[in-house]
1. Residues in segment 106-124: is at least one polar (S, T, N, Q) and under 26 Å from Ile212 (Cβ atoms)?
2. Can you name every residue in segment 219-252 that is within 19 Å of Arg299 (Cβ to Cβ) and modelled with pLDDT under 80?
3. Exactly one of (1) among the aromatic types (Phe, Trp, Tyr); (2) closer than 24 Å to Arg367 by Cβ; (3) at pLDDT below 90 is unmet by Tyr216. Its number?
4. From the list Leu288, Leu195, which residue is open to solvent by less than 30 Å² (accessible area, probe 1.4 Å), assigned to a strand (DSSP E or B) and modelled with pLDDT of 95 or more?
5. Condition test on Val317, is it aliphatic (A, V, I, L, M), open to solvent by 20 Å² or more (accessible area, probe 1.4 Å), part of a strand (DSSP E or B) and over 27 Å from Ile173 (Cα atoms)?
6. When you check Asp206 against the structure, is it open to solvent by 40 Å² or more (accessible area, probe 1.4 Å) and either out of contact with any Leu (no Cβ under 9 Å at 6 or more places or on another chain) or in a strand (DSSP E or B) (or both), yes or no?
7. Identify, from the list Phe318, Phe260, Phe269, the residue that is farther than 30 Å from Asp204 by Cβ and of a type in the set (Phe, Trp, Tyr).
8. Could you check how many residues of segment 300-352 are under 29 Å from Glu377 (Cβ atoms) and of a type in the set (Val, Ile, Thr)?
Amino acid sequence: MYCDNCGRENSPNNYYCEFCGAPLPSGQKEPEGNFSQKNIIKGIHISRNRVIIIAGAVAAAVCIAVAIFLLSPAGAESESKYSEAMENADMYYDNMEYDSAEDAYLEAIDVNPKKKDAYLKLADLYSKQGKTNKCKGILSDGKRETGGDEEIAHELDIVTCASGYDEYLQNEIIPEEGKTVLNEVCYLDSCPGGLVDTYYADFDDDSVDEMITVSYIPNDADCEALIRVFQFEDEEVSLVDEKTTPIISVGFTGTSLCSFYLKEHEGDFYLVQNSGADFGDEFIVFGLDKVEGIKEKKRLEYCGDLYMDFSVDGERVFYFEEEGEAHDEYEYDSAFEKGLGIYRDELKAFGLQDKAAGYSYESEDFRMFSNAKEGDESEISMCSFMITYDDYDEDEELTVEIWSD
């Protein structure tokens, strides 16, 4: 039997053409009883092919329509206006004329609300100005207008998370514990405790930032820092873990300087506490993890002057003391380098081996360990504490100066 539509031969038992799907010549009765499963499958296959062909034709038509529009005078004019508005906006941004830049980016969005660049750059401008709500709003608009662009959606997630942490700081932490005094020297009994510094980073590679905070707890001569890690999940902020740590170094006699900085190494984040005082230094590496919380990974302690005492995790690993009054410089330096070598080996797992630098007698402070290196993106300075005896006070009261980097 031949199809009137496509002219191809079909089985005499067919009621629809197995090649084009058209009804076969009239006069044939509709089948009674059960359909042939084979013919049903063929019919479905033919229908799907026709749907695919139609969908492809529609997509091609849309592409052709867009191309025609862009090549048309109206489309070319629209693209030209968008490019001009973006160029003006970028120029204003670079010149720190932020109000004019905002107007120009909004103009570009009005010309073509389907392009993502203006949304992203305007969001960056709002973020730079600390306008979190406006930043969230323009990214939400961009996500909707561009049909859920992935880059815009990712930036919106970041801003939403940061906004959640900021609200938590303002509504929960600061009202409860306050903010400490920065960049002022004051006595311990008059220096208020409270929040010192915060930093957002994705510690566990789940595309959502965690927040780490450092707060000051003035406990007489102990002077502790409170470290906390928070997470943002389901639009809520919750505490992951917290830990207190003394900020006066071992061997403290006159001035103790304690610094905190973050180190990223091979996808892991560590918080480093580097404390130094007269004849004594301490270097602690804390792991930061949403499961393990804040866990001490490594502790190095050094005491020395005419002697050297190197300890790792509370155990002495090397000791050297000169015999007699004579100073053998070669023997002393050799021993010191041996102790440094042990420390460097211990710190390799964290990418911190260069921090066991040894004392530099050309610097103002004789520190065993180095702080974060400026310009190194894997090392982020947070805050520092300086505790010292007041030479002008007969009771030798301690004073403190705290600053955020």
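1. Checked against the condition, which is being polar (S, T, N, Q) and under 26 Å from Ile212 (Cβ atoms), segment 106-124 yields no hits at all.
2. Of everything in segment 219-252, those that are within 19 Å of Arg299 (Cβ to Cβ) and modelled with pLDDT under 80 turn out to be Asp222, Ile248, Ser249, Val250, Gly251, Phe252.
3. (3)
4. Leu195
5. yes
6. The answer is yes for Asp206.
7. Exactly one residue qualifies, and that residue is Phe318.
8. Total meeting the criteria: 2.
The values are calculated or read from the model by the stated rules, or taken from the named source; none is laboratory data. Given the structure is predicted, the values throughout are model-derived calculations rather than measurements. Methodologically, a virtual Cβ is constructed for each residue, glycine included, from the backbone with ideal geometry; neighbour enumeration extends over all protein chains shown. Just so you know, the surface numbers come from the protein's heavy atoms only, side chains and all, with ligands and any DNA or RNA stripped out. Shrake-Rupley method; radii C 1.70, N 1.55, O 1.52, S 1.80 Å.
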